[in-house]
Ligand SMILES: Cc1ncc(COP(=O)(O)O)c(C=O)c1O
């Protein structure tokens, strides 16, 4: 189906959308993005995504060109133009077009705003039954992983390295020997029925799915610890999950070619996944 995209105030067919090659997003990766899931045609946790977008834009000194209400209105128009009940919206704000390339941004640039939507497909039965395969890799990213910057070259390189090792993804190990997250996801482990996840810091993206899962765990009396995790903790885990807006929580069943726990998606994952599925629509705005 032909997709309609939003670019700088206008909706147009994706093939017709174009930006200047002098856009600082193109030249420097100078911009911030968000991915927002849409369930039953409603934006999921819009306020949390908007806050994170604002925090990222503030961190890199780009002004947010829209208020929350303006964003909601344009994203809802994008949703309405597509038939899928479940979607995921990609939006990005770059610093704008600058005719002379210079690391130093010119004053008063007009940010470039782009958004489009895709159908959100359910996770495959194969993954639900067998989980995914990951390897650990050195986290080669910068020290502001809390900022959702469009500059994702290290993530791309680590994803390729994982694939070259026959894995679906990688879990990243920092220079301090501690586990941070996945290449595009947060990390949870289960040990003796309790959940552990690395605390928010400059080393990880504060994932919205991470927050939702922490809340679900608390509501269902699953003890949760925000705690630094070592590679040894990972290797000893009964369950490992990777969480993100487009995949909810994915069970990791093979780590560096060894089975995680029983080698099958674990019981706590199954429980939390079911809670998530059944409460998704009720917590859409909460
Ligand atoms: C590096 C990284 N960590 C964590 C996440 C998960 O964030 P969220 O749950 O908000 O999608 C993402 C999502 O893209 C990510 O790229």
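Pairing each residue of the stretch 139-162 that is in contact (Cβ under 8 Å) with a residue 12 or more places away in the chain and over 24 Å from residue 23 (Cβ atoms) with any residue that is in a helix (DSSP H, G or I) and within 13 Å of the ligand (Cβ to nearest atom), provided the two are 6+ apart or on different chains, yields C-beta distances under 7 Å for 140/154; 140/158. Mind checking whether some residue in the stretch 251-258 is surrounded by fewer than 22 Cβ atoms within 10 Å (Cβ to Cβ), within 16 Å of the ligand (Cβ to nearest atom), within 21 Å of the chain's Cα centre (by Cα) and not assigned by TED's automatic domain parsing to the domain that holds residue 44? No, the stretch 251-258 has no match at all. If you check residue 170 against the conditions, is it in contact with a strand residue (DSSP E or B) (Cβ under 7 Å, 6 or more places away or on another chain), within 15 Å of the ligand (Cβ to nearest atom) and not in a helix (DSSP H, G or I)? When the stated conditions are applied, residue 170 passes them. The test for being within 13 Å of the ligand (Cβ to nearest atom) and surrounded by fewer than 17 Cβ atoms within 10 Å (Cβ to Cβ) holds for residue 144. Mind checking which residues of the stretch 109-124 are touching a strand residue (DSSP E or B) at 6+ places or on another chain (Cβ under 6 Å) and under 30 Å from residue 97 (Cβ atoms)? Within the stretch 109-124, 111, 112, 113, 114, 115, 116, 117, 118 qualify.
The values are calculated or read from the model by the stated rules, or taken from the named source; none is laboratory data. Being a predicted model, the structure only gives us computed values, none of them experimental. For neighbour counting, all protein chains shown are included, and Cβ atoms are generated from backbone atoms with ideal geometry for every residue, glycine included.
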